[in-house]
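Everything on this sheet refers to the single structure shown next.
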Amino acid sequence: MQADMKRIFITGASSGLGAALARHYAAQGAMLGLVARRGEVLQLLVADLPYPQRHRIYVLDVTDSAALAAAAADFFAAAQGVDIVIAAAGISRGTLTECAEDLDVFERVFATNVSATVATFAPLIATLQAQAAAGQTGGRLVGIGSVAGIRGLPGAGAYSASKAAVISYCESLRLELKKDGIKVVTIAPGYIDTPMTQVNDYAMPFLMPVEKFAAQAAATIEAGCSYRVIPWQMGVVAKLLRILPNWLYDLLFANAPRKTRKTSSVDL
């Protein structure tokens, strides 16, 4: 194994942000462990990557923490370590609390977006700690938040709350692992051109091609930034949203466009 080859474990790798990050890192010569539910799509992705024999695929649902831990262990053994762990699996769906049938949707969104992020990191933290203790610095854990997690959006209670939870969770983890020299990076995408956003029937300001997002995200990860909104224009919007008083936020966003409840959940 090449001494300078990055070893990267990515969930939600079959489409969207995860697939774009896989393509970006594979082009840089990395060894990838790719996790998603859709095995045939993963196979097609890997076949199209440079050095396809170098990468490993794991067909599983990220809400199955035991299967996820087994995949992480297999990748660690095959790659003889890990450098970057990216929890990119996620789903988005319109929800309304008063609709009893949406309770299951809330639970699924939280299980996929929040609990699976924890389950992705958990089995590999000890590995990163051991590597850091042995002088192998530069370990990264990467959580994918969202601008939607900055303030609650109408009709998106499950998604907004789950992404707010990811942002806060990663901040806690960042403080916990600081002593070990492990960087925890939170990336909050705005509107990125992926299957998740392609179903939206409303205007999406500053919509960014997913390949451009992947390049900027990779640069953010390499720099070890604690938190970054991509694209930067949405970062400005996010800062403004943070400081708006509730009465003004309510006035501006009460009638904001909503994701339809009938939209199928898709991988990020």
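The values are calculated or read from the model by the stated rules, or taken from the named source; none is laboratory data. On a predicted model such as this, the values are computed, not experimentally measured, just so you know. So basically every Cβ, Gly included, is an ideal-geometry build from the backbone, and we count neighbours across all protein chains shown.
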If I go through the range 153-171 residue by residue, how many of them are over 16 Å from Gly90 (Cα atoms) and in contact (Cβ under 8 Å) with a residue 12 or more places away in the chain?
4
Given the condition within 17 Å of the chain's Cα centre (by Cα), among the hydroxyl-bearing types (Ser, Thr, Tyr), at pLDDT 95 or above and buried (at least 18 other Cβ atoms within 10 Å of the Cβ), answer yes or no: does some residue in the range 190-213 qualify?
no
Members of the range 15-66 that are crowded, with 16+ Cβ neighbours inside 10 Å, aliphatic (A, V, I, L, M) and over 16 Å from the mean Cα position of the chain (by Cα)
Ala26, Ala30, Met31, Val41, Leu42, Leu45, Val46, Leu49, Ile57, Val59, Leu60
Give the range 223-249 a look and list any residue that's in contact with a helix residue (DSSP H, G or I) (Cβ under 8 Å, 6 or more places away or on another chain) and touching a residue at least 60 places away in the same chain (Cβ under 8 Å), or say none.
Tyr227, Val229, Met234, Val237, Ala238, Leu241, Leu244, Tyr249
Those residues of the range 97-120 which are of a type outside the set (A, V, I, L, M), touching a residue at least 24 places away in the same chain (Cβ under 8 Å) and out of contact with any helix residue (DSSP H, G or I) (no Cβ under 7 Å at 6 or more places or on another chain) amount to Cys99, Asp102, Arg108, Thr112, Ser115
Is the range 76-99 home to any residue that is within 16 Å of Ala13 (Cβ to Cβ) and basic (Lys, Arg)?
no
Does Asp4 satisfy the criteria of being surrounded by fewer than 17 Cβ atoms within 10 Å (Cβ to Cβ) and either under 21 Å from the mean Cα position of the chain (by Cα) or more than 28 Å from Ala126 (Cα to Cα) (or both)?
no
Pair list, Cβ under 8 Å, 6 or more apart: the range 250-268 residue more than 20 Å from Val237 (Cα to Cα), other residue at pLDDT 85 or above and loosely packed, with under 14 Cβ neighbours inside 10 Å:
Arg261/Cys99
